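Taking it in order: structure first as structure tokens, then the write-up.
The values are calculated or read from the model by the stated rules, or taken from the named source; none is laboratory data. All values reported here derive from a predicted model rather than from experimental measurement. Using ideal geometry, Cβ is built from the backbone for each residue, glycine included, and neighbour counts are taken over all protein chains shown. The area values use the complete protein model at the heavy-atom level, side chains included, leaving out ligands, DNA and RNA. Shrake-Rupley method; radii C 1.70, N 1.55, O 1.52, S 1.80 Å.
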Amino acid sequence: MTLTRTTPPRPFVPDPRAVPGSVPAIVDAAFYRLRVQLNAARDWPPVAPLDRAARADRLAVLHDRAARWWEVLYRHTSSAVPFLYVRAAGRAADDQREQARFWRETASDWRARAEQRPTSDAAGALSNWAELGVA
């Protein structure tokens, strides 16, 4: 499989307000790398169920990584930062963990389809129960 991108990623431009080498600057650079990797994974045109499972696994890993970076930022915040920003970082980490869970379950369902096993009952449109005669 080749990954194709319709437009090249924009180069990373550090936030001029961030002190070089500071936690916010490091997290900002990490989020840029994650965006490039997420775009590449999303642009990957999977064809077979196992390709789709591999793509979903990759997205789960990347969303887990994003959650960890949000947690780094959350832990770094100090009393000088308004609580709203601290709370937003915490919620962003929670959202990324939820995205990772979704993609892990999706990968599991695609592997089940490839192996002609019933998918999870949460698979929705991806469900293959009718095809397999599962009631």
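Couple of notes before you dig in:
- Some residue of region 15-23 being at pLDDT below 95 and part of a helix (DSSP H, G or I): yes
- Condition check for Tyr85: hydroxyl-bearing (Ser, Thr, Tyr), part of a helix (DSSP H, G or I) and loosely packed, with under 15 Cβ neighbours inside 10 Å: yes
- Taken together, the criteria exclude Arg55 from residues that are in a loop (DSSP other than H, G, I, E, B) and either under 19 Å from Arg101 (Cα atoms) or without any contact (Cβ under 8 Å) to a residue 12 or more places away in the chain (or both).
- Among the criteria (1) under 14 Å from the mean Cα position of the chain (by Cα); (2) open to solvent by less than 40 Å² (accessible area, probe 1.4 Å); (3) within 25 Å of Glu115 (Cα to Cα), the one Ala40 does not fulfil is (3).
- Yes/no for Tyr32 being more than 23 Å from Pro11 (Cα to Cα) and either at pLDDT 90 or above or surrounded by 15 or more Cβ atoms within 10 Å (Cβ to Cβ) (or both): no
- Residues within region 84-100 that are out of contact with any Asp or Glu (no Cβ under 9 Å at 6 or more places or on another chain), of a type in the set (D, E, K, R) and within 17 Å of Leu34 (Cβ to Cβ), tallied: 3
- Taking the listed residues Ala125, Ala100, Ala114, Ala130, the one that is open to solvent by less than 50 Å² (accessible area, probe 1.4 Å), at pLDDT below 95 and among the aliphatic types (A, V, I, L, M) is Ala114, with no other qualifying.
- Pick from region 52-78, criterion among the hydrophobic types (A, V, I, L, M, F, W, C) and open to solvent by 10 Å² or more (accessible area, probe 1.4 Å), ranking: farthest from Leu34 (Cα to Cα): Ala54
- Pairing each residue of region 72-101 that is under 18 Å from Leu62 (Cα atoms) with any residue that is assigned to a loop (DSSP other than H, G, I, E, B) and among the polar types (S, T, N, Q), provided the two are 6+ apart or on different chains, yields C-beta distances under 9 Å for Ala89/Thr77.
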